[in-house]
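Below is one structure, written out as structure tokens; the observations come after it.
Please treat every number below as a calculation from the coordinates, not as lab data. Keep in mind it's a predicted model, so treat the numbers as computed, not measured. FYI the Cβ positions are ideal-geometry reconstructions off the backbone, even for glycines, and counts take in every protein chain you see.
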Amino acid sequence: MKVFNLACEHGHGFEGWFASEEDFLGQRSGGLLHCPVCDSGSVSKQLSAPRLNLGKSDAEGPVTSDLETRHQAEFLKAMRAIVQSAEDVGERFTEEARRMHHGESPERPIRGQTSLELARELRQEGIGVIPLPDLPALKNTLQ
Ligand SMILES: [Zn+2]
């Protein structure tokens, strides 16, 4: 998995998890990438990584870190909202996503486990899948 720092046209920063650079480009050109804050489809990859600025001695460093922290918080908040509003269908995720797509199940947000391979299959069938990172910070809110 690769983690890219992404931002939408409105400057919302968030992280995207992809199998590879090609996966990222494919999802973006296929319109599958959306900002978790405002749902904008105009998403670009950020080249800046705070750690690369270590050589600088001016005041930019800490400012960048603060921004990074805030973006992280926004990202987690958006992820929590998704996780909390979605019905947990566990390992039936792939099956349930297909049933909804074919109108055999009521349309609703769901979450659950699937493999990267199956998620890719779903996308090819035109079913929107957002990979959620397995973060401890997200689990804490589910207790
Ligand atoms: Zn946005």
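So which residues in region 73-92 are without any contact (Cβ under 8 Å) to a residue 40 or more places away in the chain and under 17 Å from the mean Cα position of the chain (by Cα), if there are any at all?
Listed by number, the residues that qualify are A73, K77, A81, S85, A86.
Here are some conditions: (1) aliphatic (A, V, I, L, M); (2) touching a His at 6+ places or on another chain (Cβ under 8 Å); (3) part of a helix (DSSP H, G or I). V37 meets all but one. Which one does it not meet?
(3)
Within region 19-44, which residues are surrounded by fewer than 16 Cβ atoms within 10 Å (Cβ to Cβ), more than 8 Å from the ligand (Cβ to nearest atom) and small (G, A, S)?
S20, S29, G30, G31, G41, S42, S44, listed by residue number.
How many of the residues in region 7-18 are part of a strand (DSSP E or B) and near the ligand (Cβ under 10 Å from one of its atoms)?
Qualifying residue count, region 7-18: 4.
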